[in-house]
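Scroll down for the structure; my scribbles are underneath it.
Every number in this text was worked out from the coordinates using simple rules, so none of it is lab data. What you are looking at is a predicted structure, and each value in this text was computed from that prediction instead of being measured. Cβ atoms come from the backbone with ideal geometry, glycine included; neighbour counts cover every protein chain shown.
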Amino acid sequence: MGMGKKELMAKRAAMEVPSYSVINLGIGIPTMVANYLPEEKYVMIQGENGLLGIGKAPNAGMEDPNIINAGGIPCTLVKGGSFFDSGTSFGMIRKGHIDISFLGALEVDQDANLANWIVPGKIVPGMGGGMELAQNAKKVIILSMQTDKKGESKIRKNCTLPITAKNCVDMIITDMAVFQFENQKLVLKEIFADTTVQEVIDKTEAEIIVDKQIKIIPIELSENEVI
């Protein structure tokens with residue numbers, strides 16, 4: 001049985017992470033990226049609540065209430081991991097020491113703007129560290145479904161929801177394709193093998209450029225296997 005599409009998205013995203021990176025994983029699909037980072041890459045995952053070196057989820061019964069990620073979920077710490085106060089954590093983020101921030105999205109538009117923190121009328125706890133992570137990470141990769149529950153494109157000409165950060169997105173990985181911003185233009189770089197370029201265009205409201213050498217992502221994705 002093959003991977004689900006969200007797992008494939010996370011595995012494809014993990015391929016963007018170079019060795020010895022410091023990364024931050026947002027809520028939702030981004031958290032799954034941790035499952036596909038080889039140990040030999042020595043990647044450190046940062047939590048804005050004051051952790052560096054977040055490890056795998058603890059075994060049942062081994063949870064420590066003092067070791068949680070930014071979402072309040074119990075986690076572990078890898079060898080060499082450390083704890084610090086949230087002021088130090090946000091200093092790290094705001095100074096640009098996060099190499100890649102993986103974030104979810106409600107909307108992304110063709111100007112690389114991101115909306116991912118609130119739907120008007122809904123009650124949410126707040127923006128959290130999303131604005132700082134989107135604006136200050138060296139690279140921002142969005143992991144999001146191509147369309148919302150109504151079937152409408154989440155990659156839009158202009159965001160209609162409140163903006164988290166402007167002109168911050170570098171790459172978008174959806175359940176259909178991989179997009180990259182190049183020279184302030186949104187370029188379709190890769191598609192999953194179970195879709196077509198035309199289907200991606202039909203489900204993308206934003207204006208996009210199709211790369212002349214479009215790559216295909218196999219549904220059974222192996223390490224570095226994009227053809």
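Here is how the numbers come out for the structure above:
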quantity: Evaluated over segment 118-201, the Cα radius of gyration and Dmax, each in Å; calculated: 14.0, 39
quantity: Simple label model, 7 Å out from Cα along Cβ direction - Phe83 to Ile163, nm; calculated: 3.9 nm
quantity: Assigned charges on the beta-carbon of Lys, Arg, Asp, Glu; segment 78-120 dipole about Cα centre (debye); calculated: 320 debye
quantity: Fewest-first ranking of Val108, Val119, using other Cβ atoms within 10 Å as the exposure measure; calculated: Val119, Val108
quantity: Relative intensity, log₁₀ I(q)/I(0), of segment 90-137 from a Debye sum that treats every alpha carbon as a point, q = 0.14, 0.16, 0.26 Å⁻¹; calculated: -0.39, -0.50, -1.03
quantity: DSSP bridge pairs, segment 5-217: antiparallel proportion in percent, nearest 5; calculated: 50 percent
quantity: Rg(Cα) / (2.2 N^0.38 Å) computed for the chain, rounded to two decimals; calculated: 1.00
quantity: Residue-span extension gain [Asp194 to Ser19] - 0.36 nm each, minus C-alpha spacing; calculated: 60.0 nm
quantity: Helix-only mean residue ellipticity at 222 nm for the chain, each DSSP H run of n ≥ 4 adding -39500 (n - 2.57), per residue, nearest 500; calculated: -4000 deg cm²/dmol
quantity: Two-site FRET efficiency, Lys138 against Glu207, from Cβ-Cβ distance with R₀ of 41 Å, rounded to 0.05; calculated: 0.95
quantity: Isotropically averaged projected area of segment 1-125, using the convex hull of Cα atoms (one quarter of hull area), nm²; calculated: 10.2 nm²
quantity: Stretchable slack from Val187 to Ile73, in nm (0.36 nm times residue separation minus alpha-carbon distance); calculated: 37.5 nm
quantity: Relative exposure of Ser153, Ser144, Ser86, Ser101, judged by other C-beta atoms within 10 Å (fewest first); calculated: Ser86, Ser153, Ser144, Ser101
quantity: Estimated vicinal HN-Hα couplings, Hz - segment 37-43 in sequence order (Karplus 6.51, -1.76, 1.60; Gly, Pro = x); calculated: 9, x, 4, 5, 7, 6, 7
quantity: Order of Met9, Met145, Met3 - criterion: other Cβ atoms within 10 Å of each residue's Cβ, fewest first; calculated: Met3, Met145, Met9
